[in-house]
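See below for the structure under consideration.
The values are calculated or read from the model by the stated rules, or taken from the named source; none is laboratory data. Computed from a prediction, not measured in an experiment: that's the story for all the values here. Please note that ligands, DNA and RNA were not included when accessible areas were found on the heavy atoms of the full protein model with its side chains. Shrake-Rupley method; radii C 1.70, N 1.55, O 1.52, S 1.80 Å.
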Amino acid sequence: MAAHTLPALDYGFDALEPHIDAQTMQIHHDKHHQAYVDNLNKALAGTDGEHKTLEELMANISAYPMAVRNNGGGHYNHTLFWKVLGPNGGQPSGDLANAINEAFGSLDGLKEKMNNAGITRFGSGWAWLIVKDGKLEVTSTPNQDNPLMDVADVKGHPILGLDVWEHAYYLKYQNKRPDYLSAIWNVINWEEVDRRYKAAR
Ligand code: MN3
């Protein structure tokens, strides 16, 4: 397949203000994500991994060098992250809302569980809402790992991911990761989470 490329955002860098500031979005997308893409392409050049999709790489990531794990995970995770964020906020509805209520009691129950997963993830990583055996679960991963990887402690199909690396929040929130995690729920694109939920079931 062709070399991996940085996907454009569906909204402006300032669209998630005041919850996520424009400067953070610009650096995060144009610098951090671009670096994952560039370093993934470098790590894959001339290897059999060059011909695999991202999903194929994730499923067999233990067979690849750490540079593919870190940068392939970084590319997959951020591509998902930009899509599940958006300026319109709102709430989950339909089957997804029912599944959230069933698994976590309420939307607030999900938020609490995911924020706790993000806050207790030491160092850098991600908090995830996944579909596992048809049901919703919350988990977290270190670094740029994700639940699609064969090395993940808890495997499943991610439908929402929250980046808890400091680069995702430090300019606005400094060391206050819980404040960033509280605010991010104002800019979740629930239509996209719902689309991924239906696809994953
Ligand atoms: Mn990031």
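The accessible surface of the chain, taken with every protein chain in place and a 1.4 Å probe, is 48 percent carbon and sulfur.
Using a/c under 1.5 as the rounded threshold, could you call the chain rounded, prolate or oblate? The axes a ≥ b ≥ c are square roots of the C-alpha gyration tensor eigenvalues, and prolate needs a/b larger than b/c, oblate otherwise. It comes out oblate by the Cα gyration axes.
Probing with 1.4 Å while keeping every protein chain in the model, the per residue accessible area of the chain equals 47 Å².
Of all lysines in the structure, those lying under 18 Å Cα to Cα from K42, and not within fewer than 8 positions of it along the same chain, are K31, K52.
Calculated mean residue ellipticity at 222 nm for the chain: -13000 deg cm²/dmol, from DSSP H runs with n ≥ 4 weighted as -39500 (n - 2.57), summed, divided by the residue count and rounded to 500. Less than 5 angstrom separates the built amide H of L85 from those of N189, all sequence-distant by 5 or more or on a different chain. Here the Karplus relation 6.51 cos²θ - 1.76 cosθ + 1.60, evaluated at θ = phi - 60°, turns the backbone of segment 81-86 into coupling constants of 4, 4, 6, 8, 9, x Hz, with x for every Gly and Pro.
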